[in-house]
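Heads up, the thing below is written out as structure tokens.
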Amino acid sequence: MPIHNADIAAIFEEIADLLEIEGANVFRVRAYRNAARTLQELGRDVRAMLHEGEDLTELPGIGDDLAGKIREIAETGRCAALDKLHKKLPPAITELLKIPGLGPKRVKALYHELDIHTVEQLQRAVRDHRIRSLAGFGEKTESRIAESLAAQAGGAGRFKLATAAQYAEPLAAWLRAVPGVHDVVVAGSYRRARETVGDIDILVTAGPDSPVMERFTAYDEVAEVLSHGSTRGSVVLGCKLQVDLRVVEPESYGAALHYFTGSKAHNIAVRRLGQERGLKINEYGVFEGKERIGGETEESVFRAVGLPFIPPELREDRGEIEAARAGRLPKLVELGDLRGDLHVHTRATDGHNTLREMAEAARQRGFEYLAITEHSRRLTVAHGLDPLRLAQQIDEIDRLNGELRGITLLKGIEVDILEDGRLDLPDELLGRLDLVVGAVHSRFELSRARQTERILKAMDHPHFTLLAHPSGRLIERREPYDVDMPRIIRKAKERGCYLELNAHPERLDLLDTYCQAAKAEGVLVSVNSDAHSVLDFDHLRFGVGQARRGWLEKGDVLNTRSLDALKPLLKKTM
Ligand code: DGT
Ligand code: CA
Ligand code: CA
């Protein structure tokens with residue numbers, strides 16, 4: 001079975017987890033985590049890079065040792081270092097790590113303090129209320145673990161959209177190459193750009209003799225074939241992702257695509273509209289009695305119920321049908337509308353590339369401007385900038401702007417919003433920047449009232465421009481902090497500030513519903529990559545997907561503006 005970036009990343013994450021449970025050096029643990037992150041976010045397949053003889057140590061966080069391990073895993077599917085750890089620790093301990101709410105720190109405590117190393121032992125300890133007495137756990141944590149255990153019994157997890165893309169796109173390409181195949185579309189929640197997907201739904205049109213179903217089940221990553229007929233099949237890939245395939249006649253293509261794109265709620269609403277007109281709509285077409293009156297294209301399905309085409313990202317039955325009927329559908333923002341990026345890092349802090357390399361990569365994307373926004377001093381793990389280093393970077397950017405052609409670097413900072421709402425750098429210095437991006441990186445557990453006050457106060461700062469990753473959530477890993485987002489949106493309006501939609505695959509933060517709220521309030525959203533390397537600009541497509549789910553149009557997105565139009569927007573009206 002071929003090894004993907006995500007598989008190698010998973011092995012590195014597991015090594016990091018086991019090292020942490022064992023009590024290893026934090027730098028060693030972090031090296032594996034950084035390498036895992038690099039692999040997860042890499043736009044290219046490392047196997048292909050190895051095949052082409054490329055030097056993996058050029059990648060962020062990959063030294064000789066890790067490059068060797070990547071090669072070992074890519075070639076053998078195994079990693080001796082991991083095997084060694086497995087021998088040292090109880091084998092079932094990795095199962096504990098998969099329980100939401102249990103990170104390596106907690107598993108370490110459970111293991112060393114209560115000698116728990118299986119899920120069954122954990123269940124017993126929860127039942128006997130032995131968890132709550134452990135330092136750092138408490139009753140709340142205990143009941144959360146109980147909930148997680150109950151939920152886990154209920155089925156497999158969801159995949160982040162960017163992770164699903166790593167599996168779905170090569171598979172779709174494989175199907176496209178099968179003789180007799182015409183169209184291949186990945187439908188379902190994937191096409192609607194949901195932040196996570198439960199499974200992958202692929203729709204294919206093919207000639208009558210096409211061996212597409214045989215090729216599908218023979219794909220070398222298929223671990224299990226669940227069902228297999230002439231028009232439908234389901235498999236589970238080695239990574240545990242389920243893939244459903246439907247093969248339809250070209251005359252049903254649009255109806256099937258509409259059906260399998262969903263969402264289910266949207267489909268039901270459209271079908272009901274059809275019923276009102278005496279039409280029957282299913283995955284084969286639109287029928288009036290026995291006569292097919294539509295279904296070859298998605299447009300024909302919508303037309304049959306008197307609607308214009310509704311973009312997939314809106315199909316959640318959250319008002320899109322009413323908007324379509326009233327001719328008020330938004331013209332959604334597109335990736336190509338972005339003219340720049342307002343949140344990136346360089347190797348001055350925790351990024352991988354130099355200023356010049358980032359500028360060059362942005363220019364090659366067709367960007368007109370790029371804001372450099374390093375972390376501030378409080379974020380020591382990221383080697384945040386102190387006033388002196390920021391002042392030096394300001395000078396360096398001025399110098400570089402004198403040389404660069406076709407791209408302008410903007411001077412910014414991703415400054416920590418301290419617990420009391422102050423910003424982590426002196427006002428005088430912040431005043432010299434083109435923009436100030438404020439971010440919460442600590443004390444996620446503050447009460448709603450205090451967290452909200454903290455952010456509102458930061459936004460009152462005369463130089464504050466943009467609130468980074470406004471909810472702080474990490475998909476499937478960290479809940480958003482508790483904050484009054486509608487008030488923050490109103491504050492942004494009042495202060496002439498903006499909200500970020502951070503496109504990092506793990507963040508996709510601003511959430512889609514708050515994008516809508518920001519739009520309603522007239523607050524612009526900036527879709528930023530938060531790039532830590534030149535490869536990370538690829539994240540923007542997922543950010544734009546989320547912006548589209550939030551009904552945002554080009555005009556609602558700050559960084560669709562030309563540099564000339566942007567500059568006055570970054571200056572506070574006070
Ligand atoms: P997921 O996989 O949980 O991320 O979400 P979806 O939306 O991809 O759901 P999935 O894979 O169960 O089904 C794909 C599409 O098929 C779904 O979006 C709409 C359609 N569909 C599935 N079941 C039904 C149903 O019972 N009624 C209708 N009208 N459509 C359905
Ligand atoms: Ca699906
Ligand atoms: Ca499905």
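For region 462-516, the alpha-carbon radius of gyration amounts to 1.12 times the rule-of-thumb value 2.2 N^0.38 Å expected for a compact globular protein. Restricting the calculation to Cα atoms, the chain yields a radius of gyration followed by a Dmax of 25.4, 77 Å. Rolled with a 1.4 Å probe across the full set of protein chains, the surface gives F542 an accessible area near 30 Å². Here the peptides 368-377, 161-170 are ranked by packing, the mean other Cβ count within 10 Å, and the order with the highest first is 368-377, 161-170.
Dividing the Cα radius of gyration of region 159-248 by its Kirkwood radius returns 0.94 for Rg/Rh.
What the Cα atoms of region 312-351 give is an Rg and a Dmax of 17.6, 52 Å. What share of the DSSP beta bridges in region 335-571 is antiparallel, in percent to the nearest 5? Antiparallel: roughly 10 percent of the beta bridges in region 335-571. Solvent-accessible area per residue in the chain equals 44 Å², computed with a 1.4 angstrom probe and all protein chains kept.
Estimated at 0.36 nm per residue, the fully extended path between R176 and R292 surpasses their Cα-Cα distance by 39.0 nm.
If each Cα of region 1-76 is one equal point scatterer, what is log10 of I(q)/I(0) from the Debye formula at q = 0.26 Å⁻¹? Values, matching the q order: -1.27. By DSSP, the beta bridges lying fully in the chain are antiparallel in about 45 percent of cases.
In region 412-570, taking the dipole from charged Cβ atoms about the Cα centre, the farthest positive-side position among P505, V534, M485 is held by M485. Rounded, prolate or oblate for region 525-574? Axes are the square roots of the Cα gyration tensor eigenvalues, ordered a ≥ b ≥ c, and the cut-off for rounded is a/c under 1.5. The shape class here is oblate.
Over region 432-559, what portion of Cα pair distances is larger than 16 Å, expressed as a whole percent?
Percent of Cα pairs beyond 16 Å in region 432-559: 59.
The residue list G402, A382, V126 was ranked by how far each Cα lies along the charge dipole of the chain toward its positive end, using unit charges on Cβ atoms, and V126 comes out on top. Surface composition of the chain: carbon and sulfur atoms hold 49% of the protein heavy-atom accessible area at a 1.4 Å probe.
Semi-axes of the equivalent ellipsoid of region 335-571 are 24, 21, 17 Å, computed as sqrt(5λ) over the eigenvalues of the C-alpha gyration tensor in descending order.
Computed packing ranks the peptides 28-39, 547-558 as 547-558, 28-39, most packed first, by mean other Cβ atoms within 10 Å.
Close amide H contacts of T408 (hydrogens built in the peptide plane, cut-off under 5 Å, sequence separation of 5 or more or a different chain): Y369, L370. At q = 0.11, 0.14 Å⁻¹, work out log10 I(q)/I(0) for region 5-154 with the Debye formula, treating every Cα as an identical point scatterer and leaving solvent out; two decimals please. Ignoring solvent entirely, the Cα scatterers give -0.49, -0.73.
With a threshold of 27 Å on the Cα-Cα distance, the over-threshold entries among K240/K331; K108/K457; K105/K457; K493/K567; K290/K331 are K240/K331; K108/K457; K105/K457; K290/K331.
The values are calculated or read from the model by the stated rules, or taken from the named source; none is laboratory data. Every value quoted in this text rests on a predicted model; they were computed, and no experiment measured them. Positions of Cβ are generated from backbone atoms using ideal geometry, with glycine treated the same way; all protein chains shown enter the neighbour counts. SASA here: full protein model, heavy atoms, side chains in, ligands and nucleic acids out. Shrake-Rupley method; radii C 1.70, N 1.55, O 1.52, S 1.80 Å.
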